[in-house]
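Please read the structure below before turning to the comments.
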Amino acid sequence: MTQQLRGVGIGLGIAQGPIARMAEPLPAPDDAPSLLGVAEETARARAAVSAVARELEERGAAAGGAAQDVLEAQAMMAEDPSLETEIDDRLSQGRTAEWAVHDAFASFRETLAAMGGYLGERAADLDDVAQRVIARLRGVPAPGLPDPGHPYVLVARDLAPADTALLDLDRVLALVTSEGGPTSHTAILAREKSIVAVVGVSGAEALLDGHTVVVDAAGGAVTVDPSAEDLERAARRADARAAAASAPITPGALADGTPVPLLANLGKAEGAEEAVSLGAEGVGLFRTEFLFLSAATAPTIGQQREAYERLLAAFRGKKVVVRVLDAGADKPLAFLNDAHEENPALGLRGLRALRASEDVLREQLTALAEADAAVRASGEAADLWVMAPMVATVEETVYFTALAREYGIRTAGVMVEVPASALLADRILAHADFASIGTNDLTQYTMAADRLLGSVASFQDPWHPAVLRLVREVGAAGVALGRPVGICGEAAADPLLAVVLVGLGATSLSMAPTALADVRASLLAHTLDDARHVAEAALAADDAASARTAARAASPTHREADQ
Amino acid sequence: MTASTRTVRIGSAHGLHARPAKLFAQAAKDAGMPVTIAKDAGAPTNAASILGVIALGIDQGDYVTLTADGDDAERVLDTLSELLATDHDA
């Protein structure tokens, strides 16, 4: 029977296919005495080891190439004679096959892990083999990514970074998770790789291997055992979307022609080419942390200038918004602040840390101004804007913009990530040339929920009307003072939320380059009046989930998609 | 007794780690007689044990001593020595 589950869709995609579940890691076996006797336990252990080795060899033969070598090596580990001796020792002491396998593998694992480096990494291969053998003994599916031998819809509780690294993107049709929100690893991966995903789906635990589902990210829905009609409609939408993705790239604009420049979030100059090819009209957030992370001391002006020159030269004639160093909280830097803080997110971070080490800020501004001049001297200049992170007060705004202008920076602005600066946006924008709203931090500070803490992850949703009200304050101040208000952060990459943000007064959107096509299509389907109407619907809701639902109901395109 | 011993210098750029370790342990297993491998003056390990071979942490240029015990020991050592002296990662 057809059944529909709801969750948070990532992007606008739709896909269909058979489910393969990611099995959960197995708990360690108990060291209980065997009730079966040594001979039977030995036979069980031998059979399980041999079955796992054959299975790994078969998978290797099917995979070929480098994967075959790894899988064959794992098969040999399973049947390793030294390991067999260790297992037999334990079995002869009256242990169960499960415990003997677990403990014997663990002893080898420790030897390898202690050697570190490449050999230490092989410990993970060994763990995988041990889990497979124990799963076989228990008659349960082996943990980890499934390998059904055909393309599949991956259903998991949530994906860890290690899992996402191993995903075969040619095989995974869509992702469905029962946990995790819009900023989970699964969601980030889905956005980066343009995989259709619905996360935080309640009821996903009950989905069974082999059943067909339609995964509709635009509708935030998973349809289980869909009708032939459902499948056909999904296929039609997938085709239409593929056609839209290959549609000519036009500058970001609403249906009525109102321009909304679509910009890229970049962390390195190397990403420039890809961003331009995906239609980025400039850079809305260039993070400079990469120059500083893993450095014991600040990079020199020369090193910085070189990196900024490469970036600016890649965007001649286009806007490039550079954020000065944003250290602290999730990205601590020893040379800026090595004091232990109880609440680093509320501590000496962002502009506060730079102010405490003003030479670092002055050097960065020097390098930026020099890079700008050098690019200008060799052809058309880029339109360089520079902004400060974590600005909380008008006084900080005055400090930063004055200092930036002292170094010849033409356009100096601030990031709005703290509710205080959103509420006083009209005073802040009287001094700053522009504001850029960092929705991830703004959500964290509005909801008083640590972004990095899984137990409060459900609070980290930029759709929350409290966050949207703050965005409205900034948008209104921007309109009143004629100052641009950009959005950078995960929120701008959500195609419907992007419409809401424009309705609230955002004048440009910056996101991971892979999100550009979906957001461009979504904007083109709404007029400015539509966008305001959708934004009002979201603002009137009580919480994030109902804001999303209300916005969908108010949007002409999403109403259609839901029918 | 027909036990034979030979000392070989490792040719693989990545030592006896991933793929070369697998190829070597597989060949030792297929030899049909007990074969041991020792690094420098260390204790001999069952050469058919991929885990034992990996755990020796053998790098390119290291010297290892192989011992085979069986009727055809010399031929087995020829095969295994050639395997070890070859750079499989080239």
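Structure values in brief
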| quantity | calculated |
| --- | --- |
| Residues located in the range A:115-141, provided they are among the small types (G, A, S) and at pLDDT 80 or above | A:A130, A:A135, A:G139 |
| Members of the range A:100-114 found to be buried (at least 21 other Cβ atoms within 10 Å of the Cβ) and either modelled with pLDDT of 90 or more or not assigned by TED's automatic domain parsing to the domain that holds A:R44 (or both), listed by number | A:A100, A:V101, A:H102, A:A104, A:F105 |
| Lone qualifier among B:K22, B:K29 - being of a type in the set (D, E, K, R) and either assigned to a strand (DSSP E or B) or surrounded by 19 or more Cβ atoms within 10 Å (Cβ to Cβ) (or both) | B:K22 |
| Identity of the residue in the range A:24-58, among the acidic types (D, E) and away from every other protein chain (no Cβ under 14 Å), that ends up surrounded by the most Cβ atoms within 10 Å (Cβ to Cβ) | A:E41 |
| Filtered residue count, the range A:416-431, keeping only those that are out of contact with any Phe, Trp or Tyr (no Cβ under 8 Å at 6 or more places or on another chain) and either among the aromatic types (F, W, Y) or part of a loop (DSSP other than H, G, I, E, B) (or both) | 4 |
| Selection count where residues are at the interface with chain B (Cβ under 9 Å from one of its Cβ atoms) and not acidic (D, E), scope the range A:59-72 | 2 |
| Members of the range A:232-260 that are outside any loop (DSSP other than H, G, I, E, B) and modelled with pLDDT of 95 or more | A:A253, A:P259 |
| Unique residue being over 30 Å from A:L496 (Cβ atoms), outside any helix (DSSP H, G or I) and within 30 Å of the chain's Cα centre (by Cα) when the list is A:L384, A:L452, A:L361 | A:L384 |
| A:V534 being among the β-branched types (V, I, T), in contact with a Gly (Cβ under 7 Å, 6 or more places away or on another chain) and farther than 19 Å from A:T411 by Cβ | yes |
| Single residue of the range B:33-57 satisfying the filter (touching a residue at least 40 places away in the same chain (Cβ under 8 Å) and of a type outside the set (V, I, T)) that is farthest from the other protein chains (Cβ to nearest Cβ) | B:M33 |
| Subset of the range A:73-117 that is within 17 Å of A:R136 (Cα to Cα) and in a loop (DSSP other than H, G, I, E, B) - its residue that is farthest from the other protein chains (Cβ to nearest Cβ) | A:T96 |
| Residue satisfying all of: in the range A:432-448; among the hydroxyl-bearing types (S, T, Y) and assigned to a helix (DSSP H, G or I); farthest from A:V322 (Cα to Cα) among these | A:T446 |
| Conditions (1) within 20 Å of A:A498 (Cβ to Cβ); (2) buried (at least 16 other Cβ atoms within 10 Å of the Cβ); number of the one not met by A:T288 | (1) |
| Hey, A:L12 more than 14 Å from every other protein chain (Cβ to nearest Cβ), over 30 Å from A:A498 (Cβ atoms) and assigned to a loop (DSSP other than H, G, I, E, B) or not | no |
| Qualifying residue in the range B:30-39 (condition: closer than 15 Å to B:D62 by Cβ and not hydrophobic (A, V, I, L, M, F, W, C)) | yes |
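The values are calculated or read from the model by the stated rules, or taken from the named source; none is laboratory data. In this text the structure is predicted, and so the values were computed from the model without any measurement. Neighbour counts are summed over all protein chains in view; Cβ atoms, including those assigned to glycine, are modelled from backbone coordinates with ideal geometry.
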